[in-house]
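Remarks on the structure that follows.
The values are calculated or read from the model by the stated rules, or taken from the named source; none is laboratory data. All values reported here derive from a predicted model rather than from experimental measurement. Here the Cβ positions follow ideal geometry from the backbone for every residue, glycine too, while neighbour counts run over all protein chains shown.
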Amino acid sequence: MSDPYETTEQHLERLLRCALNSFDLSDSTVDRLGTALAHSSSLHSSHHSAVLRRETYRHTYLLSDGTTLTLWELVHGGARETGEPLRHELYDDEADAQIAAARLAGSFWDTPAFGDDTLREDLEALSILMSVPPVPLPRMYAPDNSADHARRVLRRAENADRPGAATAGLLRAAFAHHITQIFGRQCRVDGQDAGFTLYEHAFLLLDGSETSLWEVEHTATPDGRHMCEVYDDEHAARRAMENRTRIC
């Protein structure tokens, strides 16, 4: 249910202000939200463990043209007892929210080792074995505003050696794309847990050719925040992960 003391305008302003990734929302989505007349919010899913608190909220807006628009809010942080501040992320696609929630899933480090280093080493080995990616499925390209998707992937990249203007210009001709998770792993970096995920964003261009962006999402940052890096090829993306961890 919505807060009866908060207008839709106030609700949207607060949501966009709190979200770490509000810049990822497409311009068309932001423009449509500007016409919202009413809204309704509900808890969609939640996960609570000894180390992780994660909740997903569904916010649905009634727009002035009679249509509706839904935003998915991911709220996450440490368990309540830790006092760690919560982080907020926003998505206009449920699948994107599910991927973001999946990367926050607790690792084997959540399991108490009772001071037994052997057990911790066994769990580490099991984590490595389970991180082997499955055989990739054939690409199923979907024509879904792919040029805008490419623009948003490039815009959220924080690495200095991200693809430049030439790649951005090439991807303006993208009319279909396919996203594949290539790699996922939890590691210890500087004494803290960190998650790494590698995605291939494959694009089909108007001339029938294909090209890809390789996106690394990780939390190997000083404050544990989520960071996105984008590369032109898989080798560069994997080398970046190795440089971050020295063990992945």
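For A237, work out the one condition from (1) modelled with pLDDT under 95; (2) buried (at least 20 other Cβ atoms within 10 Å of the Cβ); (3) under 15 Å from the mean Cα position of the chain (by Cα) it doesn't fulfil.
A237 satisfies every listed condition except (3).
For a quick check of your reading of the model, give me the residue pairs whose first member lies in region 41-70 and is within 20 Å of R14 (Cβ to Cβ), whose second is among the hydroxyl-bearing types (S, T, Y) and in a loop (DSSP other than H, G, I, E, B), with beta-carbon atoms closer than 9 Å and at least 6 apart or on different chains.
S41/S2; H59/S2; Y61/T35; L63/T35
Which of the residues belonging to region 9-30 are of a type in the set (S, T, N, Q) and closer than 15 Å to E73 by Cβ? Don't jump to the end; show me each part of the working.
First pass over region 9-30, keeping only residues of a type in the set (S, T, N, Q): 10, 21-22, 26, 28-29.
Of everything in region 9-30, those that are of a type in the set (S, T, N, Q) and closer than 15 Å to E73 by Cβ turn out to be N21, S22, T29.
Hey, L62 hits all of (1) under 21 Å from T7 (Cβ atoms); (2) at pLDDT below 85 but one; which does it fall short on?
Condition (2) is where L62 drops out.
Kindly provide the set of residues from region 162-178 that are out of contact with any helix residue (DSSP H, G or I) (no Cβ under 7 Å at 6 or more places or on another chain) and without any contact (Cβ under 8 Å) to a residue 60 or more places away in the chain, ordered by number.
Those that are out of contact with any helix residue (DSSP H, G or I) (no Cβ under 7 Å at 6 or more places or on another chain) and without any contact (Cβ under 8 Å) to a residue 60 or more places away in the chain: G164, A165, A166, G169, L170, A173, H178.
Among the residues of region 222-243, is there at least one that is in contact with a Lys or Arg (Cβ under 6 Å, 6 or more places away or on another chain) and either at positive phi or of a type outside the set (A, V, I, L, M, F, W, C) (or both)?
No, because not a single residue in region 222-243 is in contact with a Lys or Arg (Cβ under 6 Å, 6 or more places away or on another chain) and either at positive phi or of a type outside the set (A, V, I, L, M, F, W, C) (or both).
Filter region 18-50 down to residues that are surrounded by 14 or more Cβ atoms within 10 Å (Cβ to Cβ), small (G, A, S) and outside any strand (DSSP E or B), then give me how many there are.
2
Among the residues of region 51-69, is any under 19 Å from the mean Cα position of the chain (by Cα) and surrounded by fewer than 14 Cβ atoms within 10 Å (Cβ to Cβ)?
Among the residues of region 51-69, not one is under 19 Å from the mean Cα position of the chain (by Cα) and surrounded by fewer than 14 Cβ atoms within 10 Å (Cβ to Cβ), which makes the answer no.
Here's a check for you: in region 91-108, which residue that is assigned to a loop (DSSP other than H, G, I, E, B) and closer than 23 Å to Y61 by Cα is modelled with the highest pLDDT?
D92
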